[in-house]
Each structure stands twice: as C-alpha cells, then as structure tokens.
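The values are calculated or read from the model by the stated rules, or taken from the named source; none is laboratory data. Since we're looking at a predicted model, the values are computed, not measured. For neighbour counting, all protein chains shown are included, and Cβ atoms are generated from backbone atoms with ideal geometry for every residue, glycine included. Quick note on the areas: whole protein, heavy atoms, side chains included, nothing else; ligands and nucleic acids left out. Shrake-Rupley method; radii C 1.70, N 1.55, O 1.52, S 1.80 Å.
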Amino acid sequence: MVTNFRLIFLSEGTRKVISLGTIPLATIEKFNKIVVKVQSNNRYVDKTPAQRLLQVIGKDMRILVFSFRPRTKQRRLVFDALLRCTKPTRLWDLYAFASGPSRFKNTTPLVRLLDEYCRLLCLGSYHASIDIIENGSFTWSNELWRISSVNSSYTMCQSYPFALVVPKIISDEEVLQASSFRARSRLPVVSWCHPLTGAVVARSSQPLVGIMMNMRSNMDEKLVAGLCSKLDSGSRRKLYIVDARPRKNALANGAMGGGSESSSNYFQSEVVFLGIDNIHAMRDSFVRLREYMDTHGRASSDGMSSFLRQGGSTWGGGNLSSMSASVSTLGDIGWLLHVQNVLAGAAWIAARVAIENSSVLVHCSDGWDRTSQLVSLANLLLDPYYRTFTGFQALVEKDWLAFGHPFSDRVGMPSVSGTGNMPFELSRQPSTGNFAPSPVHQSAGTFSSQPPASSHSHNNNNYSPIFLQWVDCVSQLLRMYPFAFQFSAAFLVDFIDCMLSCRFGNFLCNSEKERQKCNVFEACGCLWVYLADLRTSEGGSHVHYNPFYDPLKHNGALLPPAAALAPTLWPQFHLRWACPEEAQAGEIEAQCRKIVMKCSEMQKAKEMAERKVKEVTNSMESLNAELRREKQINSSAMNMAKSVSKENMAIKRAIQSMGCKVHVSGSGECTVDIESNPDILCCSSRKETNSNVRDDKTDPPISVQVTADDDDGNSGIVRVCETLCPFGSGGGGCRWPNGGCAQLGSQYVGLKANFDAFDQLSINDSYFKSE
C-alpha cells in the first residue's frame, strides 16, 4: 500500500507490517522498474513469463526489490503512486504540512537560540521571549561579546540566523562592511566560547580574495582580530584559521573569486587546511557503501546470500583471498576515510581551544556543509552540555538549522526558492547503474537483468548525506566514550530516521528565513517534542537513554588521540537491513539496560521497605513514649497510694493509742468507737496534692464515733483532743479556737462544736512519729 507518508508492505497471512519493506516516501532516493527473464540451457524457449520487479533505493541504506504477480497491473499502480507522492514539486505537499502539528506542537526555535547564546555568554539573568525578539531588545553583552541584531530582518545574510554573536568592540556598521568580503555574506561570527579562558570557535565562509589571492578587507581583518581576546598575561591569543577543503580546491575557488586567507594579513594567525572532500565525493562514497552492504550482506536485494557468491560453497567463493578482497573493498569505498577526516579535524580544533587556549575560525567554501560538521563536532567535544538530550537539540538547532545548512537541497526535498527545481526524470538507464551489482548465478537456468523499463530519481546535484555523515561521526564518539553521552545509538538512529522521513517540519527548507516565511514552526509538528514524548512514556528505561552515562566521569572536554579515531561501521544504522543479526551490536547495551531496570526496581523496593521500617520505628518510639508516660503515671499513683496508706496507718495507730476501736468498712469509711462517750465525732482526711501528679479522686472520709463512759460529754472529746493535739498546754485544757491548731491550714481546718464532725481534717505524715 502507498499512503501520503510511506510505502507499507504487509504480511499476507498475519497482515502485520514488515519493517524491511515499509519505508517513508521522503526516505526513498529513487525507484526503478526492472524486468528479469529466466533463460534456460535447453533449446526450447522457456514459456515462463518474465519477472516484473520494482527496485526501491532508500537514503537509509536500504535497497528493496518487490516482485509482482505476472499479468497484473499491480506494479504499474504502485509505480504511479510512488511517482505522484515520492518527490512533490511543492513544499506544501509534504506530509509534514498535511499532518499538522498534532500534539507535537513546536515552540519557536528563535527563543531557544537566544537562550543558548545567553548560556554561552554566561548571561543567566536574561531570558528570551517572542516579545523581546519582535521589539529587537535582545542585544545583550558581556565583557567580550555581544548579541547583534544587525541581521534581524535577514537583509545582510539570508542564510544566517536573526541574531549573531560578535566581538563587543565591533559595531553593527563594521559588521555590515565586513560581510561584503565573505561568500554569501557569511561573515565570521562566534559559535562557541570558553567560559573561563575566553577562547572561541568561530565560523564563516571563504574570503573573496580573487584569483591572485591579493584582495583584502580592513573590516574583515578587524573583525577576525576581534575574535582573539587578550590572555591573562596581557598578550593576544593565537588564531588558527582552519580551511576544511584541500589546498588545491581552495586555490581553484580563487578562479571564481573565492580562495583562502593569507596568514600575513591576519595578526598572529596560522592557516591550516584539513583536506576534507566536497559534497559530491561524500555522496559517491555513500552510494558505494550502500551497494557494498547490499552485495556482501547476509541477504541481498537480489535474493542471493553472500555466502553463495561466485558459485562457491562458502562466503567469498570459498577462498580467503576473495574474502580479504571483499573486506578491503570497504576501505576503498571511502566513506570511513571521510568520517575519519572529519573526526580528526574536529578533534584538532577542540585541542587547540582546550589545550592552547587559542581561538579557531573554521570555514569551507560556503560555510554550511563541512564547516557545520567541524564546528558542531568540536563543540560536542568541548562542552559536556551538548552531550545531553537538551544540549544536543541546542547544538543541532544552532550550528545546523540556524546557520543555514541547506537541508532541502541535501536531503532532496523541494524548497521555497523554487517549485520547478526538482523535475521528474524518466529515462532508460543500464541496469548496472540502478540494480545492485550482484554476480550472475550460473546454473541450469540463468537470470539476466534487463534494462529498467523506467526509473525515477532526482537530478538535484546538491543532494548529499552531509548531516547523516555528521551523525555517523557522533556515533563514533559515542562508541569511544560510552560514559560521556546521555543518549544512546538507538536515539541517533531514530533521530536520523525522523529527519530523512520529513515527518516533522524542523529540517524543512534551507534556512531559518525560509522556515519563518513558510510558517513551518506553527504548521508542522516538532521532532524534538516527539522524541521527548517517547522517552517520557517509559522514563529512564527507554532505549534512547544510555545506561552507561556518567556525567561526572567526563565533565570536561573530550580530546581523543589520533590513534583512537579509526572509525568502524555504525552497526545500528549501516547493518540493520543487510545484516540484521550483526546490527544488534547494542545487545550488551540492552542487557545492561535490563540490569539497570532491575536495579532500579530493587532500589524502589528498598526505598519502600526503608519507608516502612521508618514508619514502624516511629510507631514503636511513640508506643514506648506512651508506655513511659503510663509507667510514670502508675509510679505516681503507687507513690500516692503508699502515702495514703502510710497516713491511714498513722491515724489508725494514733486512734488506737487512745484505746479506741477502729472499723474500716468496705466502702472505705473508718469508724472509731469510744466507749466512754456516746457522742459522735466525725472528721474527714484531706491530703496535700502533688502539683506534678493529677488526681481527680477525693480522699475517702474518716468518721469517728466516740462513746462516753460518764455524764460529762466534753471529757471524752477533751481527752481525744488533748491526746492528738501537739499544741496543748502543760496545764491541760483546749484553747481552741485560740490555740495553734486553728491557725494551721495544713492541720485541723475546722471542728464543729457540739461534736458534729471535722469538716476537712488533713494530717501530714510528719505529724505522727513513725513506730
């Protein structure tokens, strides 16, 4: 099936999507019709109908061949559908505009670019917004650098961002004058600056020195000199001018008005050529790599296993020399050599900034291909922030999108500059140029590939996998430094797949100006929001997270030695279609991720158990505290009971010493009988309460019955009172209420005459002597 987004291949039995045969339409580089006839050794003509095939070549290393039932129009229908949908002539016909932003709405990258500038210049107190951008009040600065709004309307340079970081000593008028000396007005500006040393990584396009290499610009030389701030010692730092091209290419560009700088015209500078080839060499090497993987993969697009090549019973025709020749062909392809050159150049730039504290100005011809590769890789090596998810997004948006890498031209999609720049090409081409160069299988019947009936491919000579090559370089660094990156190789694969599919609007058009003009940010979805949503769904266990990431292990610059820069195939990307088993190089990573997940689950279980232990401990402490309080209350009650018992025993002994009989009832009442007096004396005991002990109960009353022996009713009372009272005089007789007993509140409080009762009688322990 062909939809407006992808070509889908379903299993006839299960109706499940087969990933190998399902490819986004924008990822298709070209497709061809092929007719294959079966030739027999017999003299009789074989009546078997020819096989009608459709070859689809993808930008993601895929070469697919679909076979259709004979005498049907299926191939024609699919071919016509691909013809209509694969290469639209208008930008608005892309799937990104048809699908809309959905829930992956994009916030403006202009705000994020200004925030990244503030981070680089250590301007933490400033925060960008749409209002600040619209009124142009974002011209902030520090001691050395400032954010200029000279290109806010894209009139100075259409492929540069609206905001630029330039030396503070250079005015906007001087910036405008200097831009005329650089190709496409892409003047030298700051891409990254060291927060401590002040060294910078700057970028530009080639200078317009002419065929004689003798043209000069005072403003350009002043601007370049402004990139070299003074060192702490007071001397001016050295400047390296890095030309990414081979020297001969730079000289050849002089014939068209370009060229390279002369170190004699730029103070304390040194010009270095890195010898990185142009976009055409990169494209050719990628095509050769793709064909190599298809030819020597486990299962090629022609259906033949590489183990059976050249009629041999083992891989490579059954001899080691053929196998070695096939392996050596990988080096001759050139892709890995180009990757190594880009890595070595970026490492050299990073070392100059980190070790020598020098500033580096990087350019190629136009300053948007090799320059973007080198500058962004050098920034990735220098700044640990760019090795996180958020930092990686900021790096791509700054050095690739904002600074005008022509994604539409390099990916092969329509751009705003014209609608007829990508016409369809239907022509007859030899099969060797379109079908995988697989050897012919010699047997009783032979297959011969006929020229394709028709083919469709773009003739845009600007197509080149420059950005894909840069992501390949990032994967090489991830392989060398597995602890330094927050993201994994699986994240890079999904990231590059989204970019090639044109599902989102982030990488449409050729510049920031074009994306603003087409309103891409509001009309299309955002790739970064989509990838972040994937990670949020599973948290830290998602495959995009690198389980080995340790930010403390590599919290500074990464400076790989030259010997460590030997690249290898990126298995997760290069081998996933031709050698799917070998592409599982991340199997160890997957196992580690499982272990990390188990450790995380165990850690959560441990934390939960610790919380429960803490809760139980707190409960036990609370119970222990309550138990201690109960013990204190019990101890106080026991002490009080002992005190009351002691007091009662003292009273009992005192009364019994007078010859009275004491009766204690079950209700706690005490009765004292005095035979000599029939009158009744009632008194109640009151003890002094302890302020520290709360006792709401009242003391039990003590009633004393006095029975008189004679007619003198007062003689018994007087005898009892004189016996009990310590204040009695030697001559006898009670002097109450003038006696001392009536004056003490802690002793006798009151005694009714007539022998009624003691109202409240309180006797201290010290009142009576112990036995």
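Some observations on this one:
- Residue within segment 551-571 that is over 15 Å from the mean Cα position of the chain (by Cα), in a helix (DSSP H, G or I), of a type outside the set (A, V, I, L, M, F, W, C) and at pLDDT below 95 present: yes
- Residue list for segment 121-132, filter: surrounded by fewer than 21 Cβ atoms within 10 Å (Cβ to Cβ) and under 25 Å from GLU522 (Cα atoms): HIS127, SER129, ILE130, ASP131, ILE132
- Listed by first and then second residue, the pairs linking a residue in segment 217-233 that is in contact (Cβ under 8 Å) with a residue 12 or more places away in the chain to a residue that is open to solvent by less than 10 Å² (accessible area, probe 1.4 Å) and β-branched (Val, Ile, Thr), with Cβ atoms under 6 Å apart and 6 or more places separating them unless they lie on different chains, are LEU223/ILE170; GLY226/ILE170; LEU227/VAL200.
- Residue within segment 29-47 that is touching a strand residue (DSSP E or B) at 6+ places or on another chain (Cβ under 9 Å), open to solvent by less than 40 Å² (accessible area, probe 1.4 Å) and assigned to a loop (DSSP other than H, G, I, E, B) present: no
- Candidate set from segment 163-188 (those that are out of contact with any Lys or Arg (no Cβ under 7 Å at 6 or more places or on another chain) and of a type in the set (Asp, Glu)); member that is surrounded by the fewest Cβ atoms within 10 Å (Cβ to Cβ): GLU173
- Against the numbered list (1) in contact (Cβ under 8 Å) with a residue 60 or more places away in the chain; (2) touching a Lys or Arg at 6+ places or on another chain (Cβ under 9 Å), LEU239 comes up short only at (2).
- Within segment 177-186, one or more residues are within 37 Å of the chain's Cα centre (by Cα), under 25 Å from ASP399 (Cβ atoms) and not in a helix (DSSP H, G or I).
- Boolean, CYS118 is surrounded by 16 or more Cβ atoms within 10 Å (Cβ to Cβ), touching a Lys or Arg at 6+ places or on another chain (Cβ under 8 Å) and at pLDDT 90 or above: no
- Considering residues of segment 341-370 that are touching a Ser or Thr at 6+ places or on another chain (Cβ under 6 Å) and more than 19 Å from GLY257 (Cβ to Cβ) only, the residue least open to solvent (accessible area, probe 1.4 Å): VAL362
- Every test in (1) under 27 Å from TYR463 (Cβ atoms); (2) without any contact (Cβ under 8 Å) to a residue 60 or more places away in the chain is passed by TYR386 save one, and that test is (1).
- Conditions (1) more than 14 Å from the chain's Cα centre (by Cα); (2) not in a helix (DSSP H, G or I): number failed by MET499: (2)
- Residue in segment 485-494 that is within 18 Å of LEU401 (Cα to Cα), open to solvent by less than 40 Å² (accessible area, probe 1.4 Å) and either hydrophobic (A, V, I, L, M, F, W, C) or without any contact (Cβ under 8 Å) to a residue 24 or more places away in the chain (or both) present: yes
- Selection of segment 562-607 for residues being within 17 Å of GLU538 (Cβ to Cβ), β-branched (Val, Ile, Thr) and open to solvent by 80 Å² or more (accessible area, probe 1.4 Å) yields only ILE595.
- Of all residues making up segment 229-239, the number that are farther than 16 Å from ARG352 by Cβ and either touching a helix residue (DSSP H, G or I) at 6+ places or on another chain (Cβ under 8 Å) or not acidic (Asp, Glu) (or both): 4
- Check on TYR549, in the same structural domain as SER488 (by the TED database), open to solvent by 50 Å² or more (accessible area, probe 1.4 Å) and more than 28 Å from ALA344 (Cβ to Cβ): no
- Members of segment 371-414 that are in a helix (DSSP H, G or I) and open to solvent by 10 Å² or more (accessible area, probe 1.4 Å): LEU382, PRO384, TYR385, PHE389, THR390, GLN393, ALA394, GLU397, LEU401, ASP409, ARG410, VAL411
- Yes/no for ASN510 being in the same structural domain as SER541 (by the TED database), modelled with pLDDT of 50 or more and on the phi > 0 side of the Ramachandran plot: no
- Screening segment 77-167 for helices (runs of 4 or more DSSP H) wholly inside it with 1 or more residues that are out of contact with any helix residue (DSSP H, G or I) (no Cβ under 7 Å at 6 or more places or on another chain) and assigned by the TED database to the domain that holds ARG203 returns the ranges 109-120, 130-135.
- Apart from one condition, SER191 fits all of (1) crowded, with 19+ Cβ neighbours inside 10 Å; (2) hydroxyl-bearing (Ser, Thr, Tyr); (3) more than 30 Å from ASN135 (Cβ to Cβ); the exception is (3).
- Residue satisfying all of: in segment 253-290; without any contact (Cβ under 8 Å) to a residue 12 or more places away in the chain and not in a helix (DSSP H, G or I); surrounded by the most Cβ atoms within 10 Å (Cβ to Cβ) among these: MET256
- Hits in segment 208-228 (condition: under 22 Å from VAL353 (Cβ atoms) and in contact with a Ser or Thr (Cβ under 8 Å, 6 or more places away or on another chain)): VAL224, LEU227, CYS228
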